[in-house]
Amino acid sequence: MRKPVVLITGAGGEIGHGLIEQLAADGGRPIITLDLAPLEPGMNRMVAREFTGSIMDASLLEVIRSEFEVDTVFHLAALLSTRSEFSPLTAHEVNVGGTLNLLEFAQHEAESNGRPVTFLYPSSIAAYGLPSLEAKTAAGRVKEDEWTHPTTMYGCNKLYCEQLGEYYARHYKQLSAASLAGRVDFRAVRFPGLISAMTVPSGGTSDYAPEMIHAAAKGESYACFVRPDAQIPFMAMPDGVNALLKLAAAPKGALTQTAYNLGAFAPTADDVRTAVVAAFPTADITFTVDTKRQGIVDSWPADVDDSAARLDWGFAPEFDFARAFGDYLIPTIRQRYEGMGK
Ligand code: SER
């Protein structure tokens, strides 16, 4: 009998990096990965099999299906919000078409294995779109069903894929004689901006916070592309990874919704700068506002109401703003760049 495995797409990205480490440390199911680029040498030792290729390649997905019994999918591959605005059609193809390919993959896998496939999907605060700063201030901590009018291609893609996942989970081929829905056990989180001490993001709009921290640690100047008062929620990467794992392990009956907000702290860009300067007193951080990227950040909520995740499956981030900097980001980043000779 084939052993069940976990599939991670976009495994070489920021979340994948942390997720592989945690899954490998937990010692559960073997991990197989799919990414456009080969994994870093340290990472590939933690996985049972690494596929280098695209989520758009249906025949490669067929090869994976023929060789492995996948019972859990973490579908992380995507183009982030800034990059998606430069090539919206490619973004749609990858973010929507690629997700559809993985949902079909999971459906077929579940049908042939005779049990559901758990499908974890990282959605985003980009699923929201607030029309003005006044509305953003008045809205405060938004709930999952409020202000879902994204202004970015990435946000549209994420919101629609949440719906596609729900379709597979509840209504797939609803007119066929035999019921085929429910084979994909689709679960989504709407991540805030994620900050990792190990990797620097690329192509996102929340990147100013991690970029500021990593630049200071490397002794480089940084011009922040949003205003000092720009505010969105953020989370330390270990909490993001733990949230995905906790949601994957939650009993299905406890889940009352398809997509869950997650939050941890919601600093302004100036709060981030102050914390960075406290840790690296010689840091040279200025503000050179890119009004267009600022416009995207302004359309995202200042904070989110994550009470459903806390109530339904016990989401409880370990790192608030002070702990994220004091116990995770600053010590880990220092060590990382000292080890690399900066
Ligand atoms: N970090 C993402 C981005 O900036 C938001 O999900 O695109």
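For residues that are part of a helix (DSSP H, G or I) and open to solvent by less than 10 Å² (accessible area, probe 1.4 Å), tally how many sit in the range 297-313.
So the answer is 3.
Only one of these is closer than 23 Å to residue 194 by Cα and either surrounded by 20 or more Cβ atoms within 10 Å (Cβ to Cβ) or under 19 Å from the mean Cα position of the chain (by Cα) (or both): 117, 47, 94, 70. Name it. Spell out how you get there, then give the answer.
Details: 117 fails: closer than 23 Å to residue 194 by Cα; 47 fails: closer than 23 Å to residue 194 by Cα; 70 fails: closer than 23 Å to residue 194 by Cα.
Exactly one of 117, 47, 94, 70 is closer than 23 Å to residue 194 by Cα and either surrounded by 20 or more Cβ atoms within 10 Å (Cβ to Cβ) or under 19 Å from the mean Cα position of the chain (by Cα) (or both), namely 94.
Can you find a residue that is surrounded by 15 or more Cβ atoms within 10 Å (Cβ to Cβ), under 19 Å from the mean Cα position of the chain (by Cα) and within 16 Å of the ligand (Cβ to nearest atom) anywhere in the range 278-296?
In the first step, residues of the range 278-296 are kept if they are surrounded by 15 or more Cβ atoms within 10 Å (Cβ to Cβ); the result is 279-280, 283, 285, 287, 289-290, 293-294, 296.
Among the residues that remain, those that are also under 19 Å from the mean Cα position of the chain (by Cα) are: 296.
In the following step, the residues that additionally are within 16 Å of the ligand (Cβ to nearest atom) were identified as 296.
Taking every residue of the range 278-296 in turn, at least one turns out to be surrounded by 15 or more Cβ atoms within 10 Å (Cβ to Cβ), under 19 Å from the mean Cα position of the chain (by Cα) and within 16 Å of the ligand (Cβ to nearest atom).
Return yes or no: is residue 169 more than 29 Å from residue 328 (Cβ to Cβ), hydrophobic (A, V, I, L, M, F, W, C), away from the ligand (no atom under 12 Å from the Cβ) and assigned to a helix (DSSP H, G or I)?
On the way: more than 29 Å from residue 328 (Cβ to Cβ): yes; hydrophobic (A, V, I, L, M, F, W, C): yes; away from the ligand (no atom under 12 Å from the Cβ): yes; assigned to a helix (DSSP H, G or I): yes.
Yes, satisfied.
How many residues, within the range 57-103, are of a type in the set (A, V, I, L, M, F, W, C) and either in a strand (DSSP E or B) or free of Cβ contacts under 8 Å to residues at least 40 places away in the same chain (or both)? Full working, then the answer.
Just the residues of the range 57-103 that are of a type in the set (A, V, I, L, M, F, W, C), to begin with: 58, 60-61, 63-64, 68, 70, 73-74, 76-80, 86, 89, 91, 94, 96, 100, 102-103.
Checking which are either in a strand (DSSP E or B) or free of Cβ contacts under 8 Å to residues at least 40 places away in the same chain (or both) leaves us with 60, 63, 70, 73-74, 86, 89, 94.
The number of residues fulfilling the criteria is 8.
For residues in the range 244-270 being touching a Pro at 6+ places or on another chain (Cβ under 9 Å) and within 24 Å of residue 11 (Cβ to Cβ), which is most open to solvent (accessible area, probe 1.4 Å)?
264
Could you check how many residues of the range 176-195 are at pLDDT 95 or above, in a loop (DSSP other than H, G, I, E, B) and more than 11 Å from the ligand (Cβ to nearest atom)?
Keep residues of the range 176-195 that are at pLDDT 95 or above, which gives 183-195.
Cutting the leftovers down to in a loop (DSSP other than H, G, I, E, B) gives us 183, 192.
So of that shortlist, the ones also more than 11 Å from the ligand (Cβ to nearest atom) come out as 183.
Here the count works out to 1.
Considering only the range 197-244, state which residues are away from the ligand (no atom under 15 Å from the Cβ) and hydroxyl-bearing (Ser, Thr, Tyr).
Residues satisfying the conditions are 221, 222.
Name every residue in the range 20-44 that is assigned to a loop (DSSP other than H, G, I, E, B), closer than 16 Å to residue 198 by Cβ and not acidic (Asp, Glu), in order of residue number. Reasoning before the result, please.
Of the range 20-44, the ones assigned to a loop (DSSP other than H, G, I, E, B) are 27-30, 36-40.
Those left that are additionally closer than 16 Å to residue 198 by Cβ: 39-40.
Listed by number, the list holds a single entry, 39.
Only one of these conditions is not met by residue 161: (1) within 15 Å of the ligand (Cβ to nearest atom); (2) of a type outside the set (Ser, Thr, Tyr); (3) open to solvent by 20 Å² or more (accessible area, probe 1.4 Å). Which number is it?
(3)
Go through the range 3-28 and count every residue that is surrounded by fewer than 17 Cβ atoms within 10 Å (Cβ to Cβ) and touching a Pro at 6+ places or on another chain (Cβ under 7 Å).
Total meeting the criteria: 1.
The values are calculated or read from the model by the stated rules, or taken from the named source; none is laboratory data. Everything numeric in this text was worked out from a predicted model, so none of it was measured. Backbone-built Cβ (ideal geometry, glycine too); neighbour counts: all protein chains shown. Please note that ligands, DNA and RNA were not included when accessible areas were found on the heavy atoms of the full protein model with its side chains. Shrake-Rupley method; radii C 1.70, N 1.55, O 1.52, S 1.80 Å.
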